[in-house]
Amino acid sequence: MPETLKEGRYLRLVVDDGWEWAERVNATGIVVIVAVAPSGSGPGNLLLVEQHRRPVGARVIELPAGLAGDHGDESEAMATAASRELEEETGYRAQTMEPLFEGPVSAGMTTEYLHWFLARGLDRVGPGGGDASEDIVVHEVPLAEVEAFLEARQATGTLVDPKVFAGLYAARRQG
């Protein structure tokens, strides 16, 4: 039976038979959104977000993502959370959120699962940038230029979340 070692506002550290791991409290899951905005020409622009991440002490480029059930509604559907997070972070609203796949973030360290969605039918409805607690910069990068964009940003010291590469793969496969 797991024993709680420490619990904060957002995380709980537990141990069971010598194995320690973290659990997120006050949320029911994590959503990750692969969104390709229409462009004047070409296959579209991958929507990426950039923000300072205190645990790594740097700005990080990521896919739009967030928590489900963190606004007091534990019954919030993952697709609903994905729609809410996409609009909040990027200013785009999707007509549909298509489930892609799901899986553990780090199976040896946390119980968190990522629920991946493909956003379809995007319309710009606002500026994005996150909520009052966030300072998010939105990047719309042509699919053919994502790798070069990421390399250039890394050269300036910005980190790239590896999930971006999985999202790029998914975006290209979905056409």
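Laboratory data are not the source of any read-out in this text; all were calculated from the coordinates shown. Quantities reported herein were computed from a predicted structural model and do not represent experimental measurements. Cβ placement follows ideal geometry from the backbone for every residue including glycine, while neighbour counts extend to all protein chains displayed.
The table that follows gives values for the structure above.
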| quantity | calculated |
| --- | --- |
| 5 angstrom amide H check on ARG53, placed H, neighbours 5+ away | ALA58, ARG59, VAL60 |
| Net charge of Cβ neighbours under 14 Å - reference ALA79; Lys, Arg +1; Asp, Glu -1 | -3 |
| Dipole magnitude (debye, nearest 20) for the chain, charges at Cβ of Lys, Arg, Asp, Glu | 460 debye |
| Amide H within-cut-off set for GLY91, under 5 Å, with H built and near neighbours excluded | GLY128, GLY129 |
| The chain, relative contact order [Cα under 8 Å, separation at least 6], % | 25 percent |
| The chain: most fluctuating residue of ASP16, ASP131, ASP70 per GNM, C-alpha cutoff 10 Å | ASP16 |
| Karplus-derived 3J(HN,Hα), 6.51/-1.76/1.60, for each residue of segment 38-49, Hz, glycine and proline x | x, 10, x, 8, x, x, x, 10, 6, 8, 10, 10 |
| Neighbour-limited loop hits for trypsin sites (Lys or Arg not before Pro), segment 1-89 (at most 16 other Cβ within 10 Å; DSSP other than H, G, I, E, B) | ARG9 |
| Length-normalised contact order for segment 86-169 - Cα pairs under 8 Å, 6+ apart - percent | 27 percent |
| Residue-averaged 222 nm ellipticity for the chain, from DSSP H runs of 4+ at -39500 (n - 2.57), nearest 500 | -6000 deg cm²/dmol |
| Rounded Å value of the spacing that divides the Cα centres of segment 87-146 and segment 16-75 | 7 Å |
| Amide H contacts under 5 Å for ALA68, placed H, 5+ residues apart | THR28, GLY29, ILE30, VAL31 |
| Structure-derived Rg/Rh (Cα atoms, Kirkwood Rh) - corresponding label in (i) 0.92; (ii) 0.99; (iii) 1.02 | (ii) |
